[in-house]
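Written below as structure tokens is the structure these notes are about.
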Amino acid sequence: MAFYRNPKPWLFLICLYPLARLLVLAWTDGLGVNPIEFVTRSLGTWTLTGLLLTLAVTPLRKLSGYGGLLRYRRMLGLFAFFYGTLHLLSYLWLDQFFDWAAVFKDILKRPFITFGMAAFLLLLPLALTSTHAAMRRLGRNWQRLHWLVYPAAIGAVLHYGWLVKKDLTQPLIYGGVLTLLLGFRVFWFYKKTKAG
Ligand code: HEM
């Protein structure tokens with residue numbers, strides 16, 4: 001099962017690394033002085049990274065001319081959603097102890113939670129319609145529905161930006177990468193409409 005012959009199973013294993021790392025750190029008492037914050041933040045970071053990697057597939061495919069890259073997009077997107085679900089669960093469970101009234105209040109009170117929740121809810125229909133059967137059933141509407149990934153990614157970056165109080169370097173880097181990835185799409189869209 002050489003990597004270059006069939007990279008998909010290897011990519012799957014690589015995508016499990018953030019979870020495996022957290023499990024090993026939990027097992028070895030390596031989560032630091034605030035384990036809940038560590039877990040929530042780590043899962044949040046990997047959700048955002050996964051989202052950006054998913055959005056990087058199309059530009060990389062167009063720039064490199066290697067169409068095979070498209071085969072990995074769904075897996076990357078589903079992993080981003082998987083980590084997003086764990087991130088949300090860690091907040092609901094470890095942070096709020098499933099106190100739904102407190103969660104609801106938090107969503108209304110803290111803008112970074114509002115943006116995080118909005119981003120997650122926008123990703124939910126995409127994960128639910130990620131199967132080939134849903135793709136066939138929805139036809140052209142599948143593509144339209146999956147445009148929701150753009151406001152979801154913008155919401156996720158705003159979520160991060162809003163929560164950081166002092167040093168905005170990290171959210172700005174994520175925001176810059178997202179702007180670049182969306183910029184490619186806008187450029188190609190205008191090029192296509194001009195040519196057509
Ligand atoms: C697509 C959805 C989401 C993404 C991409 C995302 C991403 C992130 C990122 C990157 C961080 C900061 C990590 C760091 O500091 O290194 C974070 C922190 C956090 N997020 Fe999210 N998030 C999402 C959804 C949510 C949702 C739905 C909630 C809860 C309703 C939530 C609650 C939190 C909390 C409580 C923190 C930690 C805040 C702190 O430690 O002060 N996130 N998230």
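Quick rundown of the values:
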read-out: Dipole of the chain [Lys/Arg +1, Asp/Glu -1 at C-beta], most positive-end residue of 86, 158, 64; value: 64
read-out: Most to least packed among 83-92, 54-63 [average Cβ atoms within 10 Å]; value: 83-92, 54-63
read-out: FRET efficiency, 1/(1 + (r/R0)^6) with R0 45 Å, evaluated for residue 45 and residue 193 via beta carbons; value: 0.80
read-out: Angle in degrees between helix 35-64 and the longest Cα principal axis of the chain, rounded to the nearest 10; value: 10 degrees
read-out: The stretch 1-136, accessible surface, carbon-and-sulfur percent (1.4 angstrom probe); value: 72 percent
read-out: Nearest-ten-degree value, helix 73-90 long axis tilted from longest Cα axis of the chain; value: 10 degrees
read-out: Order by protection proxy (mean Cβ within 10 Å, highest first), peptides 107-119, 37-49; value: 37-49, 107-119
read-out: Per-bin percent of Cα-Cα distances, the stretch 8-195 [10 Å]; value: 8, 32, 37, 18, 5, 0
read-out: Whole-percent carbon and sulfur share, accessible surface of the stretch 140-196, 1.4 Å; value: 69 percent
read-out: Gain in span if fully extended, residue 25 to residue 85, counting 0.36 nm per residue against the direct Cα distance; value: 19.6 nm
read-out: Nearest-20 debye value, the chain charge dipole, Cβ charges on Lys, Arg, Asp, Glu; value: 1260 debye
read-out: Highest-fluctuation residue, 68, 77, 183 considered, GNM on the chain with Cα pairs under 10 Å; value: 68
read-out: Sequence of 75, 135 from largest to smallest accessible area, 1.4 Å probe; value: 135, 75
read-out: For the chain, accessible area per residue (1.4 Å probe, heavy atoms of protein chains only), Å²; value: 66 Å²
read-out: Extension gain from residue 141 to residue 74, taking 0.36 nm per residue of separation minus the Cα-Cα distance; value: 22.4 nm
read-out: Cα centroid separation, the stretch 98-143 to the stretch 164-196 (Å); value: 22 Å
read-out: On Cα atoms only, tilt of 169-195 relative to the major axis of the chain in degrees; value: 20 degrees
read-out: Gain on full stretching of the segment that runs from residue 101 to residue 130 - 0.36 nm per residue minus C-alpha separation; value: 7.3 nm
read-out: Exposure rank, largest accessible area first [97, 12; 1.4 Å]; value: 97, 12
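The values are calculated or read from the model by the stated rules, or taken from the named source; none is laboratory data. Since the structure is predicted, the reported quantities are computational estimates derived from the model, not experimental observations. When we count neighbours, we look across all protein chains shown, and the Cβ atoms used for this are built from the backbone with ideal geometry, even at glycine. Just the protein is used for accessible areas: all its heavy atoms, side chains included, with ligands, DNA and RNA removed. Shrake-Rupley method; radii C 1.70, N 1.55, O 1.52, S 1.80 Å.
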